[in-house]
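Some notes on the structure that comes next.
The values are calculated or read from the model by the stated rules, or taken from the named source; none is laboratory data. It should be emphasised that the depicted structure is a prediction, and the values quoted were computed from it without experimental measurement. Please note: Cβ atoms are built from the backbone with ideal geometry, for glycine as well, and neighbour counts cover all protein chains shown.
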Amino acid sequence: MKHSMRWNIHTVNEADVSRLAGEASLPRALASILVQRGISSASLARVFLQPRVSDLHDPFLMDGMEKATARLALARKRGERILLFGDYDVDGISSTAAMGKIIEALGLSYVFCHPDRFSEGYGFNRRAVQVARERGCSLIIALDCGTESLEPIAEARALDIDTLVFDHHLQKGELPCATALVNPKKEICPYPFEGLVTAAVVLKLARALVETVPLAIPWDDLLQLAALGTVADVASLRDENRIITLLGLAALNRSPLPGLRALIRAAGLRTDRLSASHLAFQLGPRVNAAGRIGSPALATRLLLESDYAKCEPIACELNRLNSERQAIEKSITENALAQIEELSAGKDQKVLVAAGRDWHRGVVGIVAARILERYHRPVVVIAVEGEMGHGSARSIPAFDLFAGLSRCSDLFSSFGGHTHAAGLSLPARNIDRFREKINSVADETLSEEDLIPKLDVDGIVELADINFDLLKLMEQLEPFGHGNRQPIFASLGVRLTREPRLMGRNGDHVKITIGPGNRSGGVWECVGWKMAGRVGSWTTDLLDIAYVPTMGGTLLNMSFLRKQESRFHSGSPLSRG
C-alpha cells in the first residue's frame, strides 16, 4: 500500500489575477492565491479578507428558526425549566455551553446532560426524556444530535414535553416530530450555507432571538464557543465559518472565557496569540478528552463556569485525561497498523478496516484519522465489546463515506455521520462481511488515481522571493484550516549546503540547510516534520521542495522533499509525479 505524493502545482489565469489586483487594490501575489481559491471579484475579496458581522446570512432563512425562537419566547413567558441534551464531542459540548448562556440570558433555569459514549452511544435517547420528566423540564433542547431521533422525540411529545433540535448531521430519512428542527443540512432547508456546525447554529439562534425578544446576549462568549466547535469539528473555513472563526479568535485573544483561559494555561499556551491551529490541536483535543475517556459534563461545566478559580482544577483534569488519551491512542494505533499490514498482505484493499477487543471506544476515531494520514485510504476502526463492535470511520476526498456506509446499512445496528467522518455499530460477527462489502463498494467508486495523495502547491517561487513582505501578505488569509489551508510554495533545484540533521526525541524529524542551485544567494533552514526517513543520506543532490514559509527568520516548514529529477521540468505544469 505504499504510495508516492503527487504535486498539484496550480496555475491561474493571469488576466483574472490582474483584474482582481486592480479592482481590489491587492498585491498580485495575494490576488493570485485568492483567484486560485475561487475568489475572483473585489466584493468577494473584501468579504474574505475583511469580513464583518453584517456579512452573515439572515438566521431566519434557516428552516425551523422562526418556530424555535417563538417556542423559546413562550418558555420565557411561562418561566419553564429546560433540559439541554448535547452530544459528547467538542461541537456538542460547545453548543450545549452556548445554549446554556442563551437560556441564562432569557432568565430561565436549565439542567444539562450528555449521552454516555459507551453505554448509550451517539444521539438523543430515551434517558433524556426520563431526565426531563424527573427534573420538571417541559422543554428539551437537543444539540448536535436529534435529526434521526424519531422514537425518543415521539415519546417526549406523548408526555407533553416539547423538543427543539439544533443539529448539522445529514438527514437519512423521515424527520422526527420535534416542535422545531433547525439544521442547515436538512433537505428542505433553504439556508444558503449548509456548512455550519451546531455551535454556529446556536449562534444564529441568538441573532434571531434578539430580533424578537429583548435580551442581552454575551456575544463574545458565543463567538468563542462557535469558533471552537467549528475548528474542532473540521468544518470548512469558508463563507460564514471563516467569519465566525475570525470573530471568535479575536474575542478569544481579547478576553477568553474563564474556562478557556484556564485550559489555555494548562496547555502551556499564551493567552493573546491564539490561532485556529491552537483550537484544532491544543484546546479541542483537551475538551474532547472528557467525552472520549471521561465525562463530557466535565468540559461543559468548564465552559459554563464564570469563576476562574473553579476552572483551574477542571482544566488540569482535562489536561490529565488528554495525556491518558494520547497513550491509549498510541497503543491502539500500533495494533491496528499491524493488523492492517497482515490483512493486506497479498491483497490490496481500498478501504482499511481494523477491529480489536479491548480497544478503547473513545479513541477509535483519532486512530482512524492517523491511519488515513499514513495510507491515504478510507479507514474504519472498530472496538469490539462482547458481541458488538463500535466503530469510527474517516475518509479521503474522493470517497463519500456516508454514501458508502449507507450501502452496507443492512449489516449495522446503527450508523450516522458526514461525507468524510462517520460512526457505526454492528454485531461483531458482521465485521468480516462489512470489510468485504465496503471494499466492493469502493472498487466501484475509487480509482487507483484517487488513492494517490495530492499536495496542492500554490506556485513555484525562487528562494530569494520569500521575504517579510510576502509573509505579511499571507497573514491576511488566516485563519487557516480545513477548506482554507496555508499557502504552499515550491522551489526547484535547490542545493543542500550541509548534511541533514535529525531532530526530535526519536529522530523522526529532519533539519536541512539549503541555498539556490546556482550557488549564489542566501541560505535557508528547513524543517521536515516526520520526514527523516525520506531524506536518507543526501548531501550534494539538487532537490525540489514544497513548503510553508514562516515568519521565524530563514525557516521553511517543508511539506514535501524529493531528489530533483530532470523529467520534473517537462510535461504538464499542473501535475508533478
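In the stretch 325-350, which residues are over 16 Å from Arg370 (Cβ atoms) and either out of contact with any helix residue (DSSP H, G or I) (no Cβ under 6 Å at 6 or more places or on another chain) or of a type in the set (A, V, I, L, M, F, W, C) (or both)? Show your work before the answer.
At the first step, the residues of the stretch 325-350 found to be over 16 Å from Arg370 (Cβ atoms) are 342-350.
Those that are over 16 Å from Arg370 (Cβ atoms) and either out of contact with any helix residue (DSSP H, G or I) (no Cβ under 6 Å at 6 or more places or on another chain) or of a type in the set (A, V, I, L, M, F, W, C) (or both): Glu342, Leu343, Ser344, Ala345, Gly346, Lys347, Asp348.
Among Asp167, Asp162, which is the only one that is surrounded by 16 or more Cβ atoms within 10 Å (Cβ to Cβ), more than 24 Å from the chain's Cα centre (by Cα), assigned by TED's automatic domain parsing to the domain that holds Leu84 and among the charged types (D, E, K, R)?
Asp162
Anything in the stretch 259-283 that is in contact (Cβ under 8 Å) with a residue 24 or more places away in the chain, surrounded by fewer than 23 Cβ atoms within 10 Å (Cβ to Cβ) and within 14 Å of Leu318 (Cβ to Cβ)? List them, or say none.
Arg261, Arg265, Ala266, Ala267 - these are the residues of the stretch 259-283 that are in contact (Cβ under 8 Å) with a residue 24 or more places away in the chain, surrounded by fewer than 23 Cβ atoms within 10 Å (Cβ to Cβ) and within 14 Å of Leu318 (Cβ to Cβ).
Could you tell me how many of the residues in the stretch 9-20 are touching a strand residue (DSSP E or B) at 6+ places or on another chain (Cβ under 9 Å) and surrounded by 14 or more Cβ atoms within 10 Å (Cβ to Cβ)?
So the answer is 3.
For Phe468, indicate whether it is aromatic (Phe, Trp, Tyr) and at pLDDT below 90.
When the stated conditions are applied, Phe468 passes them.
Name the single residue, out of those in the stretch 3-29 being at pLDDT 90 or above and of a type in the set (D, E, K, R), that is farthest from Ala42 (Cα to Cα).
Checking each candidate, the answer is Glu14.
Out of Val441, Val457, which single residue is closer than 22 Å to Gln486 by Cβ and among the aliphatic types (A, V, I, L, M)?
On the way: Val441 fails: closer than 22 Å to Gln486 by Cβ.
Answer to the selection: Val457.
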